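Following: one structure in structure tokens, then a few remarks.
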Amino acid sequence: MKKPFIQANDIWKIYYMGEVEVPAIRGISLEIKKGEFIAIIGPSGSGKSTLMHILGCLDKPTKGIFYLDEEDILKASENRLAAIRNDRIGFVFQQFNLLARRSALENVETPCLYAGKSRKERIRRARESLLKVGLEEKRFSHHPNQLSGGQRQRVAIARALINDPDIIFADEPTGALDTRSGDEILEIFQQLNKEGRTLILVTHERYVAQYAERIIHIKDGRIDSEELIAQ
Amino acid sequence: MIVSELAKVALQSLMINKLRSFLSMLGIIIGVTAVIAIISIGQGATQMVQETISSLGSGLVTISPGFRGGWGGRAARTASGLFTLELGEELKEKSPDVEELVPSIQSGGLLKYGENSYQASIVATASGYENIFNHTIAEGRFLVAEDVDNYRKVVVLGSNVVRELFGNQNPLGKKTIIQMGQGRFIFEVVGVLESKGQVMFFNFDNQVYIPVTTMMKRMTGSKYVNSYSAQAIDSEEAIKQVEFLLAKRLEDPDLYNVTSQEEILETIQRVSATMIFMLAGIAGISLLVGGIGIMNIMLVSVTERTREIGIRKALGAKRKDILIQFIVEALVMSLVGGAIGLVLGWAVSVLVSRYGGWAPTLSMFSVVVGIGFSSAVGLVFGIYPAMKAAKLNPVEALRYE
């Protein structure tokens, strides 16, 4: 039988502070189908960011089972994880995490650079990607500090999209934005989901989570409850 | 990831912190400048010395007293009281590889002509000297056998001496007074030599030549000469033969020294090569210091850019990509420093060569050393910070404030 797109069984993430074990994730199991729009919600310190890092292949769980599209992530090498992040995953962060000294276009290009694409191809894709998220062309050469918060987040989304990933992880993507630009960003995510991309949104705001199809509540490193949102 | 892209990224990051990058490169700049300048100056100076020694003519063998127990003093005096004119004749006759051999006594004296006077080096020697040392007669003649046999008071002048004493007058046949110690002697000028310039530590153009017998019999009363100069057919053979003859006469081999021009050349080459390497080695230490400077700034840079590294890793950069990025940055810094040092070192060696009077040489060797060392320094001292950057955990790096 074919495994679900994302399958996590009894995942633990334990940090060691000297001798003391500090579990951040205590046995989370979940399944996510391809094309789903999931919100992971929980108070700060609940482990939701750690869970996103694990599901996004930035970090490996201490123990448990985690398959991404039938690939055993616990057995994957560091280089393999980098390749997966590059090829199949896009990240959008609360603080945008743009490279400060690079223009919007260069920022968007970066994942393409690591994928070994030619300069011409990189620029073509970066432009396409930026236009898709609605950044005006005259801003392509601007550096992040010349852009507003909403524009920066658009650049970040364009960057996440450039290698045409299957999954997009967004960690509090509206946290640093005013309500209006936050809504615009969320609408872009909804649009991306409609195009068939799997979206995993991490937030502590109920209002933001409501854009998703399914909300997973995290508390103290465990799944507290799940709810389905009727669109 | 393409290295040229990384080089561009590295240059951009260096341009953002121009002053900091320059200060970090300074060690490399100074080190490469010093290494290039020292090698170039050393090679130029050695080449000049070699050329001037070669201009003395090949096959020159010098037989001089050995210095026992240090320079000067009683031991040195003892050693000089060995060489007689007869010994010279014997060496010449019995050594098949000695083509020509002349005795010489070096001394100094004041030459006067009318109102003019000139402090010259006096070389008392014999006919044949001019051939051994490749002198060309400009006017008149050199000393001949009759001058020596008859203790004639004739003198051959170097070009400087002529200019100082006679100006534009023709010196041939003029009487000049040579004042040596308490004595005053009248000599007739019979010849003028062509200019030869400075050779090593003395200037041939400041010399005057008188018959060795005139010096010994009429002026000093000495029975000994200072040294012999010989023209050899085969220098090595000639040295062997002369040494064999001298060993029979003088039991202690420390009393005399037989050296050929080739040997002197070799010695100079060896000594100067050692000096150059030693000095370049000392200069190389500043390259090491420069490397440490680069490592230091790269470590600071890695810490400052932890978040950037985290972002890059999240976007799919492999360890290798981050490693190369930071190594390229260190390399660019050290190579730019090396290139600046190369230009500065070349400028310094051109300046110095003007004062020294030799042609400036920028050998491939020093270019290779300059560029090679600076890139090696960049690599060696860039690897550790780059590895530190590459090993960062992406999640921790992203959280870094």
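Assorted remarks:
- For q = 0.16, 0.26 Å⁻¹, Debye-computed log10 I/I(0) when each Cα of region A:133-203 counts as one equal scatterer: -0.54, -1.31
- Of the cross-linked pairs A:13/B:320; A:138/B:388; A:33/A:120, those separated by over 30 Å at the C-alpha level are A:138/B:388; A:33/A:120.
- The protein assembly as shown, dipole about Cα centre (Lys/Arg Cβ +1, Asp/Glu Cβ -1), debye to the nearest 20: 1740 debye
- The orientation-averaged projected area of the convex hull spanned by the Cα atoms of the protein assembly as shown comes to 45.6 nm².
- Based on alpha-carbon atoms, the Kirkwood radius and the radius of gyration of chain A give Rg/Rh equal to 0.97.
- Using a Förster distance of 30 Å, the FRET efficiency for residue A:194-residue B:8 (Cβ separation, nearest 0.05): 0.20
- Kirkwood estimate for region B:1-45, i.e. one over the average of 1/r between Cα atoms, Å: 12.7 Å
- Overall Cα dimensions of chain B, principal axis frame, Å, largest first: 103, 52, 35
- The chymotrypsin sites (Phe, Trp or Tyr not before Pro) of region A:1-106 include none that DSSP puts in a loop with a beta carbon having at most 13 other beta carbons within 10 Å.
- In chain B, the sites counted are chymotrypsin sites (Phe, Trp or Tyr not before Pro) in DSSP loop states with at most 13 other Cβ atoms within 10 Å, and the longest stretch holding none of them, exclusive of the sites, is B:202-401.
- Peptide B:313-326 shows a mean partner chain C-beta count of 6 within 10 Å per residue C-beta.
- Taking Lys and Arg as +1 and Asp and Glu as -1, the other residues whose beta-carbon sits under 14 Å from that of residue A:101 total +1.
- Listed residue pairs exceeding 21 Å between alpha carbons, taken from A:219/B:391; A:60/A:194; A:3/A:75; B:112/B:175; B:8/B:318: A:219/B:391; A:60/A:194
- Once the 1.4 Å probe is applied to the protein heavy atoms, the protein assembly as shown comes out at 46 Å² accessible per residue.
- Loop-located GluC sites (Glu not before Pro) in region A:84-183 (DSSP state not H, G, I, E or B) with no more than 14 neighbouring Cβ atoms inside 10 Å: A:136.
- Rounded to the nearest 10 degrees, the inclination of helix B:85-94 to the longest alpha-carbon principal axis of chain B is 70 degrees.
- Taking the charge dipole of chain A about its Cα centre, with +1 at Lys and Arg Cβ atoms and -1 at Asp and Glu Cβ atoms, the residue from A:204, A:148, A:168 reaching farthest to the positive side is A:148.
The values are calculated or read from the model by the stated rules, or taken from the named source; none is laboratory data. Treat the numbers as computed from the prediction; the structure is a model and nothing was measured. Cβ: placed from backbone, ideal geometry, glycine included. Neighbour counts: every protein chain shown. These accessible areas exclude ligands, DNA and RNA; they are computed on the full protein's heavy atoms, side chains included. Shrake-Rupley method; radii C 1.70, N 1.55, O 1.52, S 1.80 Å.
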